[in-house]
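Heads up: the structure comes next, in structure tokens.
The values are calculated or read from the model by the stated rules, or taken from the named source; none is laboratory data. As the structure is a prediction and not an experimental result, all values here were calculated from the model. So basically every Cβ, Gly included, is an ideal-geometry build from the backbone, and we count neighbours across all protein chains shown.
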């Protein structure tokens, strides 16, 4: 049985969910991927537990992918960050297939331990293809989470309105009342 996912934000696309394996709680950095048990939780949360093993090699390669994606999200277009993501993508490929349902695709890996990290990097490419302007970092200064803005008008600012959005509103209210 896999442990419950302790993170405050889940359900984002797998690339951003991988970035969100690090978060802050009252100013203290948390990290889900400190061991293979945390990797097992992340794999299960993203429906990858039946495809990939939660072992030391997979953890190491998934952390490499997380760091590469983090560098690219922090500095979009940076050649060094782009090269790091490309290096992760070099560990897998898509093979066209024909199934009973029709045309399909299958991811293939020379080393399956690269699978989760590659899957996240590939997902990031899909987000860039569809709506790069919707990939966001939470606007709260103490939050390090990322999300894909699916709001109708594309103006979402917070990872969670209930948590970070509320904190920002409370801070503004406190500042206004302090001035009075």
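Checking residue 60 against (1) over 19 Å from residue 126 (Cα atoms); (2) outside any helix (DSSP H, G or I), which single condition isn't satisfied? Condition (2) is where residue 60 drops out. Which numbered condition trips up residue 53, out of (1) modelled with pLDDT of 95 or more; (2) within 21 Å of residue 12 (Cβ to Cβ); (3) part of a loop (DSSP other than H, G, I, E, B)? Answer for residue 53: the failing condition is (2).
Of note, residue 5 satisfies the criterion of being over 23 Å from residue 127 (Cα atoms), touching a residue at least 24 places away in the same chain (Cβ under 8 Å) and not in a helix (DSSP H, G or I). The residues of the stretch 13-49 that are under 14 Å from residue 119 (Cα atoms) and in a loop (DSSP other than H, G, I, E, B), listed by number, are 13, 46, 47, 48, 49.
Answer yes if at least one residue in the stretch 22-34 is surrounded by fewer than 17 Cβ atoms within 10 Å (Cβ to Cβ) and more than 23 Å from residue 143 (Cα to Cα), and no otherwise. Within the stretch 22-34 (the criterion being surrounded by fewer than 17 Cβ atoms within 10 Å (Cβ to Cβ) and more than 23 Å from residue 143 (Cα to Cα)), the answer is no, since none of the residues qualifies. Take the conditions (1) loosely packed, with under 13 Cβ neighbours inside 10 Å; (2) at pLDDT 95 or above; (3) at negative phi; residue 119 misses just one of them, which is (1). Residues that are under 17 Å from residue 18 (Cβ atoms) and without any contact (Cβ under 8 Å) to a residue 24 or more places away in the chain within the stretch 43-75 comprise 47, 54, 67, 71, 74, listed in sequence order.
As for the stretch 102-110, it holds no residue that is under 27 Å from residue 137 (Cα atoms) and either buried (at least 17 other Cβ atoms within 10 Å of the Cβ) or modelled with pLDDT of 95 or more (or both). If only residues of the stretch 64-74 that are closer than 13 Å to residue 135 by Cβ and out of contact with any strand residue (DSSP E or B) (no Cβ under 8 Å at 6 or more places or on another chain) are counted, the one that is surrounded by the most Cβ atoms within 10 Å (Cβ to Cβ) is 69.
Among the residues of the stretch 75-97, those that are in contact with a helix residue (DSSP H, G or I) (Cβ under 6 Å, 6 or more places away or on another chain) and either in a strand (DSSP E or B) or surrounded by 15 or more Cβ atoms within 10 Å (Cβ to Cβ) (or both) comprise 81, 84, 85, 88, 89, 91, 92. If a residue has to be more than 13 Å from the chain's Cα centre (by Cα) and either in a helix (DSSP H, G or I) or in contact (Cβ under 8 Å) with a residue 40 or more places away in the chain (or both) to count, how many in the stretch 127-147 make the cut? Qualifying residue count for the region: 8. The single condition among (1) over 20 Å from residue 12 (Cβ atoms); (2) surrounded by fewer than 19 Cβ atoms within 10 Å (Cβ to Cβ) that residue 114 does not satisfy is (2).
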